[in-house]
Amino acid sequence: MLKHVFTLGAFTVMMIACNEQDSFNDNSADISKVAVMQLSPEMTKIRDYVPQYPIIAHRGSTFWTPEETESAYRWARNIGADYLEADLQISKDGVVLALHDDNLKRTTNYENVFGETFPEALRREYYQTYTLMSDSEIETQIASDRAAFIPAVANSYMYWELMKLDAGKWFNDANPEQARSGFVSQHQYISTLEDLIRIGEGKKLKRKADATRDVVITKEKKQAAYTFLYEVDDKDSGNRPGVYIEFKEPWLNPALTPIVLGKELSRLGWNIIDKPISANEPWYKDEKVNIGNTNAKVILQTFSLSSLKQAKDAFQGKIPMCFLLWKGSGATDIMDDSPQGYASFINLGIENFAHFMGPAIAGAPNNYPEMLRPWQASLIRKSNMRIHAYSFDTMDQMKKYFGDYNYGNTLPGQSPPPYVDGMFTNRSEMTIDYYISKGVRPSGAPNHVKSAPAILDQLGY
């Protein structure tokens, strides 16, 4: 009886596999006929700045912490992530932000602080206190600001105004099992790109006695000038991760061009084009991450073909770049994910000096459209680009795309697993543990992973 059940079960599984394989075989045959462009030797050299199998801490963590806040990035640094990942936006007065949503409502208490109306009193106070404009100039400027104002959009607000928002409490409300009082008592701000980099360097926000962040704001003619203050983090792990930063569509943040970002990276000492690092500096040493001290310290990313083209013009492929893939109906989404359609996006990536492709993966909890089938990975492999896929939340996903489930079942013309070279992960501790179990962590990298809650305890949350 048991043997019969097992045989029937196996037969059922094989029938399912064969049904899926019918269409898969068609694609496998097709991909052998699809031409993809190849990374040039120069672009391959830049690609190889980046280690194989990096752990990319997606927004720091969306599981353990309020995303893209100081708590998220301190945690990701200390857990041993290779990269601190962030989406870039810009405030009305030119501060580059680490913030995913263009709408402030989901991850802050925006509605309680601002509501839907133009913050006229605050804006007038800002101009009177932090600019050199006359009263008449201020009134003219306020009228202009009011006309351009869009509620809840980050680039409608000065950073001085955004500092009034709480980016921590919402997480406790939405995730009671991961809630921590420190996410509120240590006020979590909308982060800046500078915050991200300084945390990666082993610092934390300098705070006043009332736990608010310490910022020097000086008067300029038209807008404030900020000097963000930091201090050595007494809980620093010694890991030095890089940053993996995303451009949105240009129309979302027209003031944040690749040229502006390049200047900001230069100001922060993180632009490898004007400040290259010796090729002998290792990615890891003494069981610590050292990527932030190498030419791999910055990776750029975007879904937007327009932003990719702008980055090509600004950086000439000299900073590692990832072209992200999403199936949908948007202007730069893949609508046709056949071999021919998929290959066309790979070719767009290579034409515009990307070194990595970043396809979405399927599976709970996000259930994104599948963009990394084995044949799709094979097409990327043909180009010599590497695959940084997003976003991993479960061990099941890691095993699936690394090839644990179908290793040895490669079809003709299809590259063998692993199907992924780097993981955007919301569970860095889980990804590190998985890579250690597979024996793929490089020499000198951390070879054990600490408890995620224990790290938060240590950090005082």
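Exactly one condition in (1) assigned to a helix (DSSP H, G or I); (2) surrounded by fewer than 16 Cβ atoms within 10 Å (Cβ to Cβ) is not met by LEU196; state its number.
Going through (1) assigned to a helix (DSSP H, G or I); (2) surrounded by fewer than 16 Cβ atoms within 10 Å (Cβ to Cβ) one by one, LEU196 breaks only (2).
Output the number of the condition that ILE217 fails; it satisfies all remaining conditions of (1) over 20 Å from the mean Cα position of the chain (by Cα); (2) of a type outside the set (Asp, Glu); (3) assigned to a helix (DSSP H, G or I).
(3)
Here is a yes/no grid of residues against (1) open to solvent by 50 Å² or more (accessible area, probe 1.4 Å); (2) within 19 Å of ALA354 (Cβ to Cβ); (3) in contact with a strand residue (DSSP E or B) (Cβ under 9 Å, 6 or more places away or on another chain):
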residue: ASN239; (1), (2), (3): no, no, yes
residue: PRO250; (1), (2), (3): no, yes, no
residue: LEU261; (1), (2), (3): no, yes, yes
residue: GLU287; (1), (2), (3): yes, no, no
residue: ILE291; (1), (2), (3): no, no, yes
residue: LEU305; (1), (2), (3): no, yes, yes
residue: LEU308; (1), (2), (3): no, yes, yes
residue: GLY317; (1), (2), (3): no, yes, no
residue: CYS322; (1), (2), (3): no, yes, yes
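For segment 290-326, give me each residue that is more than 14 Å from the chain's Cα centre (by Cα) and of a type in the set (Val, Ile, Thr).
Residues satisfying the conditions are ILE291, THR294, ILE319.
Where the second residue is open to solvent by 10 Å² or more (accessible area, probe 1.4 Å) and in a helix (DSSP H, G or I) and the first is closer than 19 Å to ASP166 by Cβ and free of Cβ contacts under 8 Å to residues at least 40 places away in the same chain and lies in segment 196-213, which pairs have Cβ atoms under 7 Å and are six or more apart or on separate chains?
Cβ pairs passing all conditions: ALA211/SER185.
Among LYS327, LYS297, LYS312, which is among the basic types (Lys, Arg) and either buried (at least 20 other Cβ atoms within 10 Å of the Cβ) or more than 18 Å from GLY358 (Cα to Cα) (or both)?
Working: LYS327 fails: either buried (at least 20 other Cβ atoms within 10 Å of the Cβ) or more than 18 Å from GLY358 (Cα to Cα) (or both); LYS312 fails: either buried (at least 20 other Cβ atoms within 10 Å of the Cβ) or more than 18 Å from GLY358 (Cα to Cα) (or both).
Among LYS327, LYS297, LYS312, only LYS297 is among the basic types (Lys, Arg) and either buried (at least 20 other Cβ atoms within 10 Å of the Cβ) or more than 18 Å from GLY358 (Cα to Cα) (or both).
Filter segment 370-403 for residues that are surrounded by fewer than 16 Cβ atoms within 10 Å (Cβ to Cβ) and touching a Lys or Arg at 6+ places or on another chain (Cβ under 9 Å) and give the result.
Across segment 370-403, the qualifying residues are GLU370, THR394, MET395.
Please state which one of SER415, SER428, SER437 is closer than 28 Å to TYR368 by Cα and either touching a Leu at 6+ places or on another chain (Cβ under 8 Å) or buried (at least 21 other Cβ atoms within 10 Å of the Cβ) (or both). Explain how you work it out, then say what you get.
Numbers: SER415 fails: either touching a Leu at 6+ places or on another chain (Cβ under 8 Å) or buried (at least 21 other Cβ atoms within 10 Å of the Cβ) (or both); SER437 fails: either touching a Leu at 6+ places or on another chain (Cβ under 8 Å) or buried (at least 21 other Cβ atoms within 10 Å of the Cβ) (or both).
Criteria check complete, one pass: SER428.
Return the pair list, or none, for Cβ contacts closer than 6 Å from residues in segment 102-128 that are in a loop (DSSP other than H, G, I, E, B) to residues that are open to solvent by 80 Å² or more (accessible area, probe 1.4 Å), at least 6 apart or on different chains.
Correct list of pairs: PHE118/ARG146.
Look at THR410 and say whether it is at pLDDT 95 or above, in contact with a helix residue (DSSP H, G or I) (Cβ under 9 Å, 6 or more places away or on another chain), surrounded by fewer than 17 Cβ atoms within 10 Å (Cβ to Cβ) and over 25 Å from LEU300 (Cβ atoms). Can you show your working first?
Working: at pLDDT 95 or above: no; in contact with a helix residue (DSSP H, G or I) (Cβ under 9 Å, 6 or more places away or on another chain): yes; surrounded by fewer than 17 Cβ atoms within 10 Å (Cβ to Cβ): yes; over 25 Å from LEU300 (Cβ atoms): yes.
No; evaluated as a whole, the condition is false for this residue.
Could you say whether any residue in segment 416-438 is of a type in the set (S, T, N, Q), over 20 Å from the mean Cα position of the chain (by Cα) and farther than 27 Å from PRO359 by Cα?
Here is the first cut: in segment 416-438, the ones of a type in the set (S, T, N, Q) are 425-426, 428, 431, 437.
Filter once more, so that each one left must be over 20 Å from the mean Cα position of the chain (by Cα): 437.
Okay, now just the ones that are also farther than 27 Å from PRO359 by Cα, so none.
So far as segment 416-438 goes, no, none of its residues is of a type in the set (S, T, N, Q), over 20 Å from the mean Cα position of the chain (by Cα) and farther than 27 Å from PRO359 by Cα.
Check GLY182 against each of (1) closer than 19 Å to LEU84 by Cα; (2) open to solvent by less than 10 Å² (accessible area, probe 1.4 Å); (3) in contact with a Gly (Cβ under 8 Å, 6 or more places away or on another chain) and name the one condition it does not meet.
(1)
Out of all the residues in segment 100-112, is one or more open to solvent by 20 Å² or more (accessible area, probe 1.4 Å), more than 21 Å from PRO258 (Cβ to Cβ) and β-branched (Val, Ile, Thr)? Before you say what the answer is, go through the steps one by one.
Here is the first cut: in segment 100-112, the residues open to solvent by 20 Å² or more (accessible area, probe 1.4 Å) are 100-103, 105-106, 109, 111-112.
With the extra rule that they be more than 21 Å from PRO258 (Cβ to Cβ), the set shrinks to 101, 103, 105-106, 109, 111-112.
Next, from what is left, pick out any that are β-branched (Val, Ile, Thr): none.
Checked segment 100-112: no residue is open to solvent by 20 Å² or more (accessible area, probe 1.4 Å), more than 21 Å from PRO258 (Cβ to Cβ) and β-branched (Val, Ile, Thr).
The values are calculated or read from the model by the stated rules, or taken from the named source; none is laboratory data. As the structure is a computational prediction, the values presented were derived from the model and not from experiment. Positions of Cβ are backbone-derived with ideal geometry, glycine not excepted, and every protein chain shown enters the neighbour counts. Calculation scope for accessible area: heavy atoms of the full protein, side chains included, ligands and nucleic acids excluded. Shrake-Rupley method; radii C 1.70, N 1.55, O 1.52, S 1.80 Å.
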